[in-house]
1. May I ask you to list pairs of residues, at least six apart or on different chains, whose Cβ atoms are under 7 Å apart, with the first in the range 68-80 being closer than 18 Å to residue 56 by Cβ and the second being at pLDDT below 95 and part of a helix (DSSP H, G or I)?
2. Check whether at least one residue in the range 75-90 is within 16 Å of the chain's Cα centre (by Cα), at pLDDT below 85 and either surrounded by 12 or more Cβ atoms within 10 Å (Cβ to Cβ) or hydrophobic (A, V, I, L, M, F, W, C) (or both), and report yes or no.
3. Taking the range 42-94 only, how many residues are touching a Gly at 6+ places or on another chain (Cβ under 6 Å) and under 13 Å from residue 21 (Cα atoms)?
4. For the range 71-95, which residues satisfy the criterion of being over 15 Å from residue 44 (Cβ atoms) and of a type outside the set (A, V, I, L, M, F, W, C)?
5. Mind telling me which of the residues 100, 72, 54 ends up being exposed (fewer than 13 other Cβ atoms within 10 Å of the Cβ), polar (S, T, N, Q) and at pLDDT 90 or above?
6. Condition first: surrounded by fewer than 11 Cβ atoms within 10 Å (Cβ to Cβ), modelled with pLDDT under 75 and under 20 Å from residue 38 (Cβ atoms). Can you find one or more residues in the range 117-136 that meet it?
7. Considering only residues of the range 12-38 that are over 12 Å from the mean Cα position of the chain (by Cα) and of a type in the set (A, V, I, L, M), which is modelled with the lowest pLDDT?
Amino acid sequence: MELESWDQIVPELRKHGIVFSYKWLGIGKSDRAKVVQNGRVIIENLRKLLKIKNLDPPYIVLGHSLGGLYANLWARLYPAELCGVAFIEATHPDHEKKMNIFSPPLFVRVYNGVLDKLDSIFDRNRQFSEIKSFEESAQQ
């Protein structure tokens, strides 16, 4: 999801305080990751960035989709830094396990396989993506 899709929400949130939004490494036009992007790495990178920007806790973290998994982890690792967490269509730690129960039709599996192969050909940075680290992040 592009950050621009939040353009109607962010101005409302800014009425109540500072809003800091960003995409982690390897997403959109951000810098490519040089190490595996699991939940801990993503959280530590964001914490460092907030410190550089002189934005001190406590924070309210909004976790959308996979970001919900990271917000959940942050709340468990550093509860004193957060005064709230909002989950928007958040990924559950058991997502992969639950999805493996569902078997899509053959044409969907073939189509997804082709897309996955194309993605691996054109995205040389893929081995570091947060999707490749999903299980590790969920276990964290």
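1. 74/43; 77/43
2. No, the range 75-90 has no match at all.
3. 1
4. Selection gives 72, 79, 84, 89, 91, 92, 93, 94, 95.
5. 54
6. yes
7. 33
The values are calculated or read from the model by the stated rules, or taken from the named source; none is laboratory data. Owing to the predicted nature of the structure, the values given are computational and were not obtained by experimental measurement. When we count neighbours, we look across all protein chains shown, and the Cβ atoms used for this are built from the backbone with ideal geometry, even at glycine.
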